[in-house]
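Step one of this worksheet: look at the structure below.
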Amino acid sequence: MRLVHLDLKGAAPRVSYLEQVFPLLSQLGANGILIEYEDMFPFKGELEILKSPYAYSEEDIERIQQLAELHKLEVVPLVQTFGHVEFILKHEKYQHLREVERFPNSFNPHIPDTLALLKSILSQVIEKHRRSTWIHIGADEVFHLGEGMDSKNWMSHNRGDTGTMYLKHIKEVLSFIATQYRGLRALMWDDMLRKISVGALRGERMGMAVVAPELGVGWHRPHRLAEVRDGGTPTLPSAHTALPAVAQEMMARLAPLRRYDHYSVLCELLPVGIPSLSICLQTLVNGGFTEETKRKVLDALGFQSMQLEQSTCEGRGAFPGAEIYHMVEQVNGHLKESILKALEEESAIKGWFSLYHRKHQFGNPRNMESFGSKVLKLHEDWESFVRDLRTHLERVYFPDTVEEWMEENINPYLDQLRDLVRDYR
């Protein structure tokens with residue numbers, strides 16, 4: 001399984017952009033899409049509070065699956081069932097389900113309402129993905145597990161630890177899936193399992209979970225899991241696979257867009273990540289990045305050459321979002337530098353148009369004219385550039401993403417120039 005992970009807690013693209021991207025992903029070797037919807041899923045009824053104002057509609061969810069099918073990409077929905085649930089626990093309605101009252105990261109597994117809520121969320125997502133044969137239950141980075149009073153009490157009364165507590169909750173989630181959705185197989189990240197002894201894993205008889213390595217935490221750690229498999233871990237009723245070694249069921253997670261969590265700033269935009277993603281996919285398909293692989297990536301993306309060490313690509317590019325790729329390069333390479341150079345290295349500004357002059361609104365026109373035309377041109381050039389960039393971003397993203405990206409990457413520098421021009425005028 002070569003799955004591209006669309007982690008939509010970040011910059012969720014419009015479906016019209018996915019329509020352009022899916023054929024490229026398929027061409028480059030992906031055979032599935034792992035979709036972590038978070039608040040982009042069209043939750044209904046009691047769960048409607050979880051929806052983003054820009055959430056996909058039910059028709060969008062169906063369209064995404066049709067597009068995936070068209071390009072031979074299996075859709076695997078991902079529902080976080082333990083950690084990374086800020087999009088749920090930030091709401092006052094669900095605050096009582098937090099492991100630690102102050103932090104919205106992780107569920108308290110001891111409150112019956114936690115499992116009831118998860119069953120409701122899983123049911124709504126699975127019902128809209130009846131063609132999928134896999135569900136991913138996340139279960140990574142369960143921060144603060146064991147720190148809540150309920151967990152401390154449970155561990156002391158049951159002579160347990162965070163590992164057995166973790167497995168107990170995951171087993172309840174897997175049991176619900178196995179019972180309610182016969183034949184549906186489950187995936188989960190492996191980072192929390194690495195902290196648990198082989199004996200505990202054997203004792204819990206995890207059954208149907210297929211473990212996926214979490215990139216960035218360390219790729220190849222199959223030995224402990226292989227031991228469990230060789231110990232003959234039985235499956236849960238109707239489940240298709242016992243807990244295998246990572247090497248046995250290799251799933252590559254290539255995540256080109258996301259946040260680290262629901263509250264962090266955006267990571268890189270998808271169009272900017274496509275060259276890197278393409279290289280990763282082709283390397284995975286071919287077992288290495290050969291000259292032939294490189295040529296295939298260049299042809300698919302419409303570049304003349306690429307320098308991996310410098311992370312640069314030469315040529316216009318002919319992939320969906322190539323204009324954004326180049327414009328973000330311009331922002332990263334020149335915006336800050338050109339503005340700071342104008343503001344800090346121009347002696348007439350430093351000497352005759354300082355913050356003090358601007359605050360008290362006085363200056364000598366003779367000196368101001370020496371830098372005026374240059375500053376006005378720089379301002380107009382960047383404003384024109386940013387208008388074009390915004391137009392391209394709006395074709396791919398919803399307004400909240402465009403605003404956030406501008407606030408983080410453009411405005412900290414361009415606002416300084418805007419303020420200077422306003423005061424100059």
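The values are calculated or read from the model by the stated rules, or taken from the named source; none is laboratory data. Model, not experiment: these values are computed from the prediction. For neighbour counting, all protein chains shown are included, and Cβ atoms are generated from backbone atoms with ideal geometry for every residue, glycine included. For the accessible areas, the whole protein counts, side chains as well, though only heavy atoms, and no ligand, DNA or RNA atoms are used. Shrake-Rupley method; radii C 1.70, N 1.55, O 1.52, S 1.80 Å.
How about region 7-39: which of its residues are in contact with an Asp or Glu (Cβ under 7 Å, 6 or more places away or on another chain) and under 21 Å from E403 (Cα atoms)?
Taking region 7-39 as the starting set, the residues that turn out to be in contact with an Asp or Glu (Cβ under 7 Å, 6 or more places away or on another chain) are 7-9, 15, 31-32, 36.
The answer is D7, L8, K9, V15.
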Return the residues of region 321-377 that are open to solvent by less than 30 Å² (accessible area, probe 1.4 Å) and at positive phi; say none if nothing qualifies. G321
Show the residue pairs that are 6+ apart or on different chains and have beta-carbon atoms under 8 Å apart, the first residue being within region 349-374 and touching a residue at least 40 places away in the same chain (Cβ under 8 Å), the second being not in a helix (DSSP H, G or I). F353/G363; M368/F353
Only one of (1) modelled with pLDDT of 85 or more; (2) touching a Lys or Arg at 6+ places or on another chain (Cβ under 7 Å) is not met by L277, so which one is it? (2)
Checked H136, H157, H129 against criteria (within 23 Å of K195 (Cβ to Cβ), modelled with pLDDT of 95 or more and of a type outside the set (G, A, S)); the one match is H136
Specify which of the listed residues (Y37, Y17, Y54) is among the aromatic types (F, W, Y) and open to solvent by 50 Å² or more (accessible area, probe 1.4 Å). Y54
Counting just the residues of region 79-97 that are touching a His at 6+ places or on another chain (Cβ under 7 Å) and in a helix (DSSP H, G or I), which one comes out farthest from M155 (Cα to Cα)? F87
Look through A342, A348 and report the one residue that is hydrophobic (A, V, I, L, M, F, W, C), touching a Ser or Thr at 6+ places or on another chain (Cβ under 9 Å) and assigned to a helix (DSSP H, G or I). A348
So, of the residues in region 103-137 that are free of Cβ contacts under 8 Å to residues at least 40 places away in the same chain and of a type in the set (D, E, K, R), which turns out to be most open to solvent (accessible area, probe 1.4 Å)? R130
The lone exception for Y166 - which of (1) within 18 Å of V100 (Cβ to Cβ); (2) open to solvent by 70 Å² or more (accessible area, probe 1.4 Å); (3) touching a residue at least 40 places away in the same chain (Cβ under 8 Å) it fails: (2)
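Any residue at all in region 17-40 that's free of Cβ contacts under 8 Å to residues at least 24 places away in the same chain and either out of contact with any strand residue (DSSP E or B) (no Cβ under 7 Å at 6 or more places or on another chain) or closer than 25 Å to G302 by Cβ (or both)? Steps first, please.
As a first pass, look at region 17-40 and keep what is free of Cβ contacts under 8 Å to residues at least 24 places away in the same chain: none.
The answer is no, given that none of the residues of region 17-40 is free of Cβ contacts under 8 Å to residues at least 24 places away in the same chain and either out of contact with any strand residue (DSSP E or B) (no Cβ under 7 Å at 6 or more places or on another chain) or closer than 25 Å to G302 by Cβ (or both).
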In region 126-168, how many residues are among the hydrophobic types (A, V, I, L, M, F, W, C) and over 28 Å from D60 (Cβ atoms)? 8
Give me the helices (runs of 4 or more DSSP H) completely within region 149-207, filtered to those with at least 1 residues that are in contact with a strand residue (DSSP E or B) (Cβ under 6 Å, 6 or more places away or on another chain), ordered by residue number. 162-180
Restricted to region 98-139 and to residues being acidic (D, E) and assigned to a helix (DSSP H, G or I), the residue nearest to Q180 (Cα to Cα) is E127
Just name the residue that is nearest to the chain's Cα centre (by Cα) out of those in region 53-95 that are of a type in the set (G, A, S) and modelled with pLDDT of 95 or more. A55
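So is F43 touching a residue at least 24 places away in the same chain (Cβ under 8 Å), in contact with a His (Cβ under 7 Å, 6 or more places away or on another chain) and buried (at least 17 other Cβ atoms within 10 Å of the Cβ) or not? Even if it seems obvious, please write down each step before you answer.
Numbers: touching a residue at least 24 places away in the same chain (Cβ under 8 Å): yes; in contact with a His (Cβ under 7 Å, 6 or more places away or on another chain): no; buried (at least 17 other Cβ atoms within 10 Å of the Cβ): yes.
No: the conditions fail for F43.
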Taking region 41-73 and keeping residues within 29 Å of V297 (Cα to Cα) and among the polar types (S, T, N, Q) leaves Q65, Q66
